[in-house]
Amino acid sequence: MNTSAIFSIIMQTKEKRATSHELRETINILGIETSCDETAAAVVANGTIIKSSVVSSQIKLHEKYGGVVPEIASRAHIEKIYPVITEAVRQADITKEDIDAIAIANQPGLGVALIVGVTAAKALSFALGKPLLAINHLHAHIQSAILAEENPELPAVALIVSGGHTQLYDYKSPLEPKLLGSTIDDAAGEAFDKVAAILKLPYPGGPAIEKIAKYGNPKAIDFPRSMLSPDSLDFSFSGIKTAVLYYCRGQDMKGQNKVDSMSKRQIADIAASFQSAVVDVLVKKTELAAEKIGAKTILLGGGVAANNQLRTALKQMCDSAVPPKKLLVTPKQYCTDNAVMVASLGYHKYKAGIFADLTLEPKASS
Ligand code: KG4
Ligand code: ZN
């Protein structure tokens, strides 16, 4: 058989495959997420139909250390990855053969955590003979904001605020969000976690600070709002964290942390003032980014996107803009890490034919 005959058979087979996919209305993507301290798997059909979402959180394992311990995270992922994937497939009421592709968040994140999900995804891809899709975890957080509205008015600015990252994107398509600005030191969620530790509040700090802040005065303490330079779209949150530490230990830092002798009201005032300062910076920078690219829509995602004050302040900014902007926020259950967002973005990569192979490696945060 000559080369053109072989080529023709390959093309016919490919066409047959394409036709059978076109005939089948549903494309099931299995998403897998292990970038930090959640082991998650989900099945999403056609990018938006959530058939299952299973998340095994490690909060209980890390809380006594006040942060994520990489070795503990890695071990827990190894323990949970198989039961979590099996449960996601079971809840979706499909068989493994009904999965069309496996989407795995392979970057950024903790190296020792990412590698567990990447290895599991590659093994499944090989065993089932299904394609592999490599997903950027932060781009997946953007995707979670448009789960309910697939076609937002563009251009959009996406604000992604998580435990490890704070980023602004120029968003024109799911596959190529363009980074506009990023944190140069602590991420917003990291600042919430560190300030919570100073205030001796439980881990993770974001929800704990939000809860106590309700009883405090956001204007009680004028914590710094770092804008870096007037037109910078980068973020810096280490200064505000240090300001809270100075406030609690005295300017010379020689004193003991006074939190133990503070009233609940005083702690609430610190939490509320800190939260307001962080929210102010996030909203101002998002507004600036929106002006720069002429954004019609703002997308909000990541763990800190669960914060009600941030959601309300962004809504006010969008409503008072001329002309007003549409705000699309991630549903609360998908703000923190999950695999629905990974599978949903995977669908777009699948449609675009952008596949990874078994040489895929995890890329840890730098
Ligand atoms: O996106 P995520 O689950 O993990 C990373 O990719 O890093 O985000 C976790 C972060 C933690 O720092 C946590 O304190 C913060 O999200 N967070 C919040 C709230 N809920 C979670 N921060 C502020 N307010 C909240 N309600
Ligand atoms: Zn995340």
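Worth pointing out:
- Beta-bridge orientation, the chain: approximately 55 percent antiparallel, per DSSP, counting only bridges with both partners inside.
- Solvent-accessible surface (1.4 angstrom probe) belonging to ASP98, in square angstrom, nearest 10: 60
- Two-site label geometry, LYS211 and ARG90: point separation in nm, points 7 Å out along Cα→Cβ: 3.0
- In a reduced charge model with +1 at each Lys and Arg Cβ and -1 at each Asp and Glu Cβ, region 153-330 shows a dipole moment near 480 debye about its Cα centre.
- Within straight-line reach of LYS172, meaning a Cα separation under 16 Å, sit the following lysines at least 8 residues removed in sequence or on another chain: LYS292, LYS296, LYS325, LYS326, LYS349.
- The simple Förster model, with R0 at 41 Å and r as the Cβ-Cβ distance, assigns VAL259 and TYR82 a FRET efficiency of 0.45.
- Projecting the Cα atoms of GLY117, ASN217, PRO177 onto the dipole axis of the chain, where Lys and Arg carry +1 and Asp and Glu carry -1 at the beta carbon, places ASN217 farthest toward the positive end.
- Charge sum, other residues only, whose C-beta stays under 12 Å from LYS241's C-beta, Lys/Arg counted +1 and Asp/Glu -1: -3
- Across region 153-330, the mean sequence separation of Cα contacts (distance under 8 Å, 6 or more residues apart), normalised by length, yields a relative contact order of 28 percent.
- Accessible surface of the chain, 1.4 Å probe, proportion on carbon and sulfur as whole %: 55
- Rounded to the nearest 10 degrees, the angle from helix 264-293 to the longest Cα principal axis of the chain is 50 degrees.
- Normalised contact order of the chain, rounded percent, pairs of Cα under 8 Å and 6 or more residues apart: 24
- Computed over the chain, the range of Cα coordinates on each principal axis works out to 84, 49, 33 Å, biggest value leading.
- By the rule of a C-alpha distance below 20 Å, with chain neighbours fewer than 8 residues away ignored, the aspartates and glutamates paired with LYS258 are ASP193, ASP222, ASP269.
- Working note: Cα atoms of region 153-330, range along each principal axis, descending, whole Å: 51, 28, 26.
- Virtual paramagnetic centre 7 Å along Cα→Cβ of GLU71, amide N under 20 Å, in region 99-118: 110-117
- Whichever lysines have a C-alpha closer than 17 Å to that of LYS60, once near sequence neighbours (fewer than 8 apart) are set aside: LYS80, LYS200
- Accessible surface, the chain, averaged per residue in Å² (probe 1.4 Å): 47
- Low-density loop positions, trypsin sites (Lys or Arg not before Pro), region 231-333 - DSSP coil, at most 13 other Cβ in 10 Å: LYS254
- MRE, 222 nm, helices only [DSSP H, n ≥ 4, -39500 (n - 2.57), over the chain, to nearest 500]: -14500 deg cm²/dmol
- GluC sites (Glu not before Pro), loop per DSSP, at most 15 other Cβ atoms within 10 Å - longest free stretch of the chain: 154-366
- Net charge in the neighbourhood of SER74 (other residues with Cβ under 12 Å of its Cβ; Lys, Arg +1, Asp, Glu -1) is -1.
- With R₀ fixed at 35 Å, the C-beta to C-beta distance from PHE126 to GLU149 puts the FRET efficiency at about 0.45.
- Using alpha-carbon coordinates, inclination of helix 3-23 to the longest axis of the chain, degrees: 60
- On Cα atoms only, tilt of 308-320 relative to the major axis of the chain in degrees: 80
The values are calculated or read from the model by the stated rules, or taken from the named source; none is laboratory data. The structure displayed is predicted, hence computed values, not measured ones. Don't worry about glycine lacking a Cβ; one is built from the backbone with ideal geometry, like all the others, and counts go over all protein chains shown. Areas reflect the complete protein model, heavy atoms only, side chains present, ligands, DNA and RNA absent. Shrake-Rupley method; radii C 1.70, N 1.55, O 1.52, S 1.80 Å.
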